[in-house]
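Data block below; observations after.
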Amino acid sequence: MMSEEKILNVEAHGAPTDLKKSDFYYELPEELIAQTPAEPRDSSRLLVYDRAKDCTEHRIFRDIKEYLRAGDVLVVNNTKVLPARLFAHTEHGGRVEVLLLKRISALRWEVLVKPGKKCRPGTRLAVDEGLSLTVASVTDSGERIVDFECDGVFEEALARVGSMPLPPYIREKLKDKNRYQTVYAKVDGSAAAPTAGLHFTPALLEEIRGMGVEVAEVLLHVGLGTFRPVKEDAITDHKMHSEYYEVGAEAAETISRAKREGRRVIAVGTTSVRTLESAAKDDGMIEPCRGNTSIFIYPPYKFKCVDALITNFHLPESTLIMLVAAMVGREKILKLYKTAVEERYRFFSFGDAMMIV
């Protein structure tokens, strides 16, 4: 069913760019950074921008039904966030925080550790009585490759002792860890949630399907590389970390059929965009595939598959705001974000949403 795994590093930009990191900066009052998710999920706010009419509307997320139509394909990322933050200690009692980034094999992982000076190759760390790990090597960028030892099933041990890896700008304790999962999360493997999907409820998805909208599930395991700050001034010098993705046969056929028939493909979140644009051929068609992608989307960019986008509001100077800017232009996205700030929208992972049609 699947094609051979391959590394995809796509740069389908229309022309060279001299854009700088600072070109994507905007002022954000700290009090607009959402600390807790909206209750219920679909009660968050929704800023809708219509590119054809160049107009903006302010709605509630459940109103998204009014901007969808029969024949649309809504593409969601069904990855599931691992309780990937562990607290371990060295043989001498030193405390170490371990964050799982990427699974290499059954018990071998790429991880972030803090403090790193306590985690040289050969260091053994104990998490609890049934779970420990040994540092095998250090990567060029400072992550550790570690080998776990586990009494029993590793995933069960992780569920028992791990905690959700909330972003550092969220200081409130999450009361229900399921609120950092989408309602359609299925496949364990992410270090962070595909947050645009957090706004959907089962009932809302059922209503949307009842309208004749198809929902296609793809997979991209979100790594922290997606959220790493851009350090280089010239954005073209930034190197994206790779992330694992899959598009199955059913989703590929649903999406390709829509493209052939001129129907809209609407991506839920930047991770769905990166999956679709990595998998798509120049004509927008998609075949079943899986692999690793380090695609970096920024203006100017010609989208091959994605026609519209549902997304959250992203950090200044991040690769995510650059991706969204590729849909509407840099100046327009900064104007929309300025409007969102003035209208007191909530920002980032637990914040409000934007739809670009």
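The values are calculated or read from the model by the stated rules, or taken from the named source; none is laboratory data. Everything numeric here is computed off the predicted structure, so don't read it as measured data. Here Cβ is always computed from backbone atoms with ideal geometry, including for glycine, and neighbour counts include all displayed protein chains.
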List the strands (runs of 3 or more DSSP E) that sit entirely inside the range 27-87 and contain at least 2 residues that are in contact (Cβ under 8 Å) with a residue 24 or more places away in the chain and within 23 Å of the chain's Cα centre (by Cα). 45-50, 73-77, 79-81
Taking the range 237-286 only, how many residues are over 25 Å from Ile321 (Cα atoms) and among the polar types (S, T, N, Q)? 2
Select, from Arg144, Arg179, Arg171, the only residue that is farther than 18 Å from His241 by Cβ, among the charged types (D, E, K, R) and surrounded by 15 or more Cβ atoms within 10 Å (Cβ to Cβ). Arg179
Search the range 149-179 for residues being within 19 Å of Ser105 (Cβ to Cβ) and free of Cβ contacts under 8 Å to residues at least 40 places away in the same chain, and hand back the single one that is nearest to the chain's Cα centre (by Cα). Glu155
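To keep it simple, each residue is scored yes or no on (1) surrounded by fewer than 23 Cβ atoms within 10 Å (Cβ to Cβ); (2) not in a strand (DSSP E or B); (3) not small (Gly, Ala, Ser).
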position: Glu246; (1), (2), (3): yes, no, yes
position: Ile255; (1), (2), (3): no, yes, yes
position: Gly284; (1), (2), (3): yes, yes, no
position: Glu287; (1), (2), (3): yes, yes, yes
position: Gly291; (1), (2), (3): yes, no, no
position: Lys302; (1), (2), (3): yes, yes, yes
position: Leu323; (1), (2), (3): no, yes, yes
position: Glu331; (1), (2), (3): yes, yes, yes
Single condition Thr236 does not satisfy, out of (1) among the polar types (S, T, N, Q); (2) surrounded by fewer than 16 Cβ atoms within 10 Å (Cβ to Cβ); (3) assigned to a loop (DSSP other than H, G, I, E, B): (3)
Looking at (1) under 27 Å from the mean Cα position of the chain (by Cα); (2) outside the structural domain of His241 (by TED's automatic domain parsing), which one does Thr182 not meet, given that it meets all the others? (2)
